[in-house]
């Protein structure tokens, strides 16, 4: 038995702990608490990050790197002037046009990955996907290196995102707490109505005894990590901090400003969480893979993003939270400047756009430049590790701090990436 457990992989042990806790307690929430923060380097002013991830590949030519004078590539994306001198956005982002004085537009992103899964993995981790190791996402790095700043709340939360929770080779407690529907908050966070308080406490005692015996027999870091995770989950269940996940406490006009959809409401929840000290909140919006009929599909997605992100920036600013919160808009690659025969745009890793706002970032600026066709980067190329290094730098994370995987391999938060210091 001992040999089998020692040979079992991360997922197997994690599944065992999750199913055990669910059956005993009715709890599947994971929290990510750590008190040992790394020494901070001088960077931005961000204490938290709201990471808006657009999966599918947003067309830079139809969003923030528009070429309205070039009929060959512009499509239907005419230009809007913004409240920042010299910064333009496409007609699909009228609300963001009023917030661009808070935003730095990076129009010179480039990636080596041209497929969705590999591209998203690269953006979220800063490392190319390798079959021999699973790298942690940025949220896990923030959780581990900055620790918890939100009482019993987790340091790392993912709202409506598919895939893993992002801990990679780090202990599972640094992975994200998943929230599928922001209107429902954290699932299984209340004691089941058929389980009395006495019965609940007895089950906790039984679980702790099992854990103690197991830990004494199998002295593995993963076992202790999962035990800590469920102890933290129980603390959260009994804490008033859980109230942060209840967006129904927001005024109706605030909820309406963000949009009555999961992404918009996810952005409301993200604001509530960073307001309470959560380090990293990931909010996901899919559906950007427009290989055909782009202008009957892009507009709807853009409207959802435009309304929610503009409301988020305005809300953070009005509450005095924008300086301490870095808002990131990211996607895995751009789309081809030339519209294809199906009236769509295909994958284009060579050049694309991402946004940064708050957290000490200069607003109302563009960084980097593509040529007149939006094909080649002609100024200030930004690689994915550089982008991630800039995010980490905004929060004062030391880029040279080494974390060693279980196999003994050394890693840093952004590989060899260099932060764009001129944006601060």
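The values are calculated or read from the model by the stated rules, or taken from the named source; none is laboratory data. All values reported here derive from a predicted model rather than from experimental measurement. Neighbour counts are summed over all protein chains in view; Cβ atoms, including those assigned to glycine, are modelled from backbone coordinates with ideal geometry.
A few comments on the model shown:
- Scanning the range 407-417 for residues being in a loop (DSSP other than H, G, I, E, B) and either crowded, with 18+ Cβ neighbours inside 10 Å or under 20 Å from the mean Cα position of the chain (by Cα) (or both) gives a total of 5.
- A Cβ distance below 7 Å, combined with a sequence gap of six or more or placement on separate chains, defines the contacts here; from the range 209-221, residues that are not assigned by TED's automatic domain parsing to the domain that holds residue 173 reach residues that are modelled with pLDDT of 70 or more in the pairs 221/171.
- Verdict on residue 306 being closer than 21 Å to residue 44 by Cα, under 19 Å from the mean Cα position of the chain (by Cα) and at pLDDT 95 or above: no
- Selection within the range 381-406: residues that are in contact with a helix residue (DSSP H, G or I) (Cβ under 9 Å, 6 or more places away or on another chain) and part of a loop (DSSP other than H, G, I, E, B). The member of this set that is modelled with the lowest pLDDT is 406.
- Residue check for residue 371: surrounded by fewer than 16 Cβ atoms within 10 Å (Cβ to Cβ) and under 27 Å from residue 98 (Cα atoms): yes
- Residue in the range 108-125 that is assigned by TED's automatic domain parsing to the domain that holds residue 389, in a helix (DSSP H, G or I), at pLDDT below 90 and within 26 Å of residue 396 (Cα to Cα) present: no
- Residue in the range 241-257 that is touching a strand residue (DSSP E or B) at 6+ places or on another chain (Cβ under 6 Å), part of a helix (DSSP H, G or I) and modelled with pLDDT of 95 or more present: no
- Any hit, the range 282-291, residues being under 30 Å from residue 407 (Cβ atoms), modelled with pLDDT of 95 or more and assigned to a loop (DSSP other than H, G, I, E, B): no
- Residue ID - farthest from the chain's Cα centre (by Cα), chosen from residues in the range 75-95 that are surrounded by 18 or more Cβ atoms within 10 Å (Cβ to Cβ) and not in a strand (DSSP E or B): 75
- Among the conditions (1) touching a helix residue (DSSP H, G or I) at 6+ places or on another chain (Cβ under 7 Å); (2) assigned to a loop (DSSP other than H, G, I, E, B); (3) at pLDDT below 95, the only one that residue 24 does not satisfy is (2).
- Residues satisfying the stated conditions in the range 282-296, i.e. at positive phi and under 19 Å from the mean Cα position of the chain (by Cα): 287
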